[in-house]
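Below is one structure; the comments refer to it alone.
The values are calculated or read from the model by the stated rules, or taken from the named source; none is laboratory data. Keep in mind it's a predicted model, so treat the numbers as computed, not measured. As a convention, Cβ positions derive from the backbone with ideal geometry for all residues, glycine included, and neighbour counts pool all protein chains shown. Quick note on the areas: whole protein, heavy atoms, side chains included, nothing else; ligands and nucleic acids left out. Shrake-Rupley method; radii C 1.70, N 1.55, O 1.52, S 1.80 Å.
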Amino acid sequence: MSASFERPIITQRNLAPLLCGLAGNPAAQPATLVRLAAANIDRTVLARRRDLPAQAAVILAGDEDEKLRSELAANPSLPAEVQTVLARDVDPRVRDRLAEGAPHFTASGAHGLNYPKPLPNEVYELLARDPEPKIRRALAFNRQLPDDIRARMLDDKDARTAAIAATEWNPAPTARIGELLSHATRASHREMILLRLDGPLPPEAARGMLADIDSCADPANSAAVLRQITATADLDADLTDRFLTDPQVRAAVAANPTLDPEHVAALAHDPDNEVRAAVVARHGLDPVLRESVPVEYDDRSSGNAVEWLLAADLSESDQVAFARSRHQVFRKTLAMRTDLSDEAVGILAIDESFAVRLFVCERQPNAPGWLLARIAADWNGFSRWDMVAHKNFPADAATALARSDDPRDRGVAAAHPGLPIATIEALLADDADYVRGRAATNPCIPTERLITLLAADEPAVVTGAAANRTLPVVTMHHVLERAGL
């Protein structure tokens, strides 16, 4: 390759977009990222990178821009020494983002929501003693908070912090149920505690909560917590009789794992569809009984997953059996897993339920290309971007989207590696700047053409080209040298 192609024309006008693009380039080497950490540009994208080198993180943690440090604090992949520095940051917004432990999406799909790994104990200790109540409240929401620190936070001088610490304990220890409930006075908070209990709610605790509800002037406000009591209580004869005679909670009692088999069998024939659905979803229910119970489901709904099926250790034959279940809730839950055999995926791909087919496209690494193309053509959810980026998404379907009259379609398809060069060139001249910017990231652009894009007049195209993972390393170095980095 000639030197003229390796050295783009760099001016003061395009230097900042070039550096911003390099900060997001997935192929940028660690040394490049460290040099960019000192650049006088918007380094938000750099601060969010999961592969941020420790040396770059240290530089960003000492930057004077509190917004940048705040973005860095939300990065779940920082080294412990940087997290300790951020826990002592002078700006409470930075400490708040660190304490929060916010979830983040992964490349596994739109519903691949992950939580960061636990922070170092020293960081938890610092944040639990933070002088700002807002920081301690954010920490109390953090689901990775160690039990010993959470237990201490139940005695926090800020009542709201103590209530959050009690409500967000997951799993909440049944042995401390009385103490937890004493901090959570609102019905919604008590409902959350019961939802997270590590075992059945003791009968006496259930009776105490029921007495509170019975004496409440407006019991309608406690309807949700009543259902949660019903679903989690360790049922004895009296509690069972009470709950079964209340039509509002029959579905909840049908879901209670401590309900005796005789009542379970009777509820399988209940006239209420919700009650029958609760019976069907029970863990350990006889498969023959489960398949004999008729239940109607909302085809477009993506909720109501069977939690135990998500975590169960399933053989390939088990997967196929659930994929062929008459009950949509099992087929849909199975489609949320990412460990399915080709046979199970093939069955779910032709499922009558749209929700099931959607989850196949969003979650399965072996989702068939024809289904990805069909769902992406009509689906407007944000997971559509993941579908088009899927390794099995057909090039002809991406090309059709790239030629659509809708700029959203063109933007989604612009980076697909199967697009013809002529189509990419048309997208580089698109009316919408975000479409042009996405097109500049397409890995099929010839190197010679990519270098010329670095000198374009439009910042979106320059940034996209600099972020292109096929950009030669020697060109990246030239840009950094021109910037004095």
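Annotations for the structure displayed:
- If you bin all the Cα-Cα distances of the chain at 20 Å, starting from zero, the percentages per bin are 19, 42, 32, 7, 0.
- Gain upon complete extension [residue 318, residue 405; 0.36 nm per residue less C-alpha separation]: 26.8 nm
- Span from the the range 73-105 Cα centroid across to the the range 465-479 one, whole angstrom: 30
- Averaged per residue, the range 346-453 has 42 square angstrom of accessible surface, using a 1.4 angstrom probe with ligands and nucleic acids left out.
- Directionally averaged shadow of the range 364-439, computed from the convex hull of its alpha-carbon atoms, nm²: 4.4
- Spin-label model, residue 422 to residue 265: label points 7 Å out along the Cα-to-beta-carbon direction sit 7.1 nm apart.
- Trypsin sites (Lys or Arg not before Pro) restricted to the range 424-485 and DSSP loop, no more than 15 other C-beta within 10 Å: 469
- For the range 190-344, the fraction of C-alpha pairs more than 29 angstrom apart is 23%.
- The distance linking the range 213-242 with the range 374-418 is 49 Å (Cα centroid to Cα centroid, whole angstrom).
- Rounded FRET efficiency, nearest 0.05, which uses the C-beta distance separating residue 102 from residue 13 and R0 of 35 Å: 0.45
- With every protein chain in place, the range 1-66: carbon and sulfur % of accessible area (1.4 Å): 54
- Rolling a 1.4 Å probe over the protein heavy atoms of the range 111-168, with every protein chain left in place, gives an accessible area that is 48 percent carbon and sulfur.
- Distance between the C-alpha centres of the range 259-319 and the range 1-60: 52 Å, rounded to the whole angstrom.
- Carbon-plus-sulfur accessible fraction, the range 273-414 (probe radius 1.4 Å, protein heavy atoms only): 50%.
- Size descriptor, Kirkwood hydrodynamic radius, that averages inverse alpha-carbon separations across the range 339-380, Å: 10.1
- More than 21 Å apart - percent of Cα-Cα pairs taken over the range 324-406: 25
- Simple spin-label estimate for residue 121 and residue 58 gives 2.5 nm between the two label positions (7 Å along the Cα-to-Cβ direction from each Cα).
- Rounded accessible area of residue 296 (nearest 10 Å², 1.4 Å probe): 150
- Spin-label pair residue 158-residue 380: with each label point 7 Å from Cα along the Cα-Cβ axis, the two points sit 4.0 nm from one another.
- Kirkwood hydrodynamic radius over Cα pairs of the range 131-214, then Stokes diffusion coefficient at 4 °C and 1.567 mPa s, in µm²/s: 100
- √(5λ) per eigenvalue of the Cα gyration tensor, the range 15-164, largest first, Å: 30, 16, 12
- Viscosity 0.890 mPa s, temperature 25 °C, Stokes-Einstein D of the range 79-194 from Kirkwood C-alpha radius, µm²/s: 166
- On a per residue basis, the range 133-212 carries 46 Å² of accessible surface, using protein heavy atoms and a 1.4 Å probe.
- Residues listed by number, the range 7-24, amide nitrogen under 13 Å from residue 65 label point at 7 Å toward C-beta: 16-17, 19-21, 23-24
- Classification of the range 9-68 by its C-alpha gyration tensor yields an oblate form. The axis ratio a/c (a ≥ b ≥ c) is 1.5 or more, and b/c is at least a/b.
- Cα-Cα pairs of the range 284-330 separated by more than 18 Å (percent): 31
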